[in-house]
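Remarks on the structure that follows.
The values are calculated or read from the model by the stated rules, or taken from the named source; none is laboratory data. Everything numeric here is computed off the predicted structure, so don't read it as measured data. FYI the Cβ positions are ideal-geometry reconstructions off the backbone, even for glycines, and counts take in every protein chain you see. Each accessible area value is taken on the protein alone, full model and side chains, heavy atoms only, with ligands, DNA and RNA left out. Shrake-Rupley method; radii C 1.70, N 1.55, O 1.52, S 1.80 Å.
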Amino acid sequence: ATADYNAASKSLEITLAASADDIQAVLRRDTGKEIEIDRGKQAEQLVAAYITKHLEFRDPAGKRIALKWIGMEVTVTKITAYIEAPIPGPLAGLRVRNTLLFDFLPDQANMMSVRRDRQSKASDHLFTPTSRDFQPVRVP
């Protein structure tokens, strides 16, 4: 995933890519239904709910920041999700946790690169099932 802090809009613009097969399989498991993630608004709502459940940002007071689902693109092999997180206050003290697919793949590792205003310099955050804690967001 990439989170780009947009200073003008005071928000993180997040792009997250995941395996289409894995997301589809976890949604089928969770709903008990045959889900086709590239078919219709209901499937997109399920994908959005799953992703926003497992990607969390907290403000310095520990309050969860509501994520705004922008949309997604689905190909044969991957889902690319677009999400926005409003950050009205200072970046100092902002924390993130990404547990996407940890409940489905025991060896899953998630990487998030954070940058400012689309600059090339980024700081990376690694999340694994054994390190589920929130991490301080480092914005270069």
(request) Enumerate the lysines that LYS33 could reach by cross-link, defined here as Cα to Cα under 23 Å, with residues fewer than 8 away along the same chain left out. (result) LYS41, LYS53, LYS78
(request) Along Cα→Cβ, 7 Å out, is where each label goes; now give me the distance between the ones at ALA92 and GLU56 in nm to one decimal. (result) 2.5 nm
(message) Compute the helix-to-body angle for 40-54: its Cα long axis versus the longest principal axis of the chain, expressed 0 to 90° and rounded to tens.
(response) 50 degrees
(request) Would you kindly state how much longer the chain becomes between ARG118 and ARG132 on full extension, computed as 0.36 nm times their sequence separation minus their alpha carbon distance, in nm to one decimal? (result) 2.3 nm
(message) I'd like the distance between the alpha-carbon centres of segment 1-24 and segment 75-89, rounded to an integer number of Å.
(response) 3 Å
(message) In whole percent, and with a 1.4 Å probe on the protein chains, what portion of the accessible area of segment 78-140 is carbon and sulfur?
(response) 54 percent
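Given the Cα-Cα distance of PHE104 and ALA66 and 0.36 nm per residue of separation, how much length would full extension add, in nm? Before the final figure, lay out the partial values.
Working: separation 38, 0.36 × 38 = 13.68 nm, distance 2.41 nm.
So the chain would gain 11.3 nm between PHE104 and ALA66.
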(request) Just read off the accessible area of LYS41 with the full protein assembly in place, 1.4 Å probe, to the nearest 10 Å². (result) 140 Å²
(message) So for segment 1-82, considering every pair of alpha-carbon atoms, how many percent are separated by more than 19 Å?
(response) 40 percent
(request) May I ask for the distance between the Cα centers of segment 36-51 and segment 123-140, given as a whole number of Å? (result) 26 Å
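What are the semi-axes of the equivalent ellipsoid for segment 46-140, taken as the square roots of 5 times the Cα gyration tensor eigenvalues, largest first, in whole Å?
21, 17, 15
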(request) May I ask for the angle, rounded to the nearest 10°, between helix 20-31 and the longest principal axis of the chain, with both axes built from Cα atoms and the value confined to 0 to 90°? (result) 70 degrees
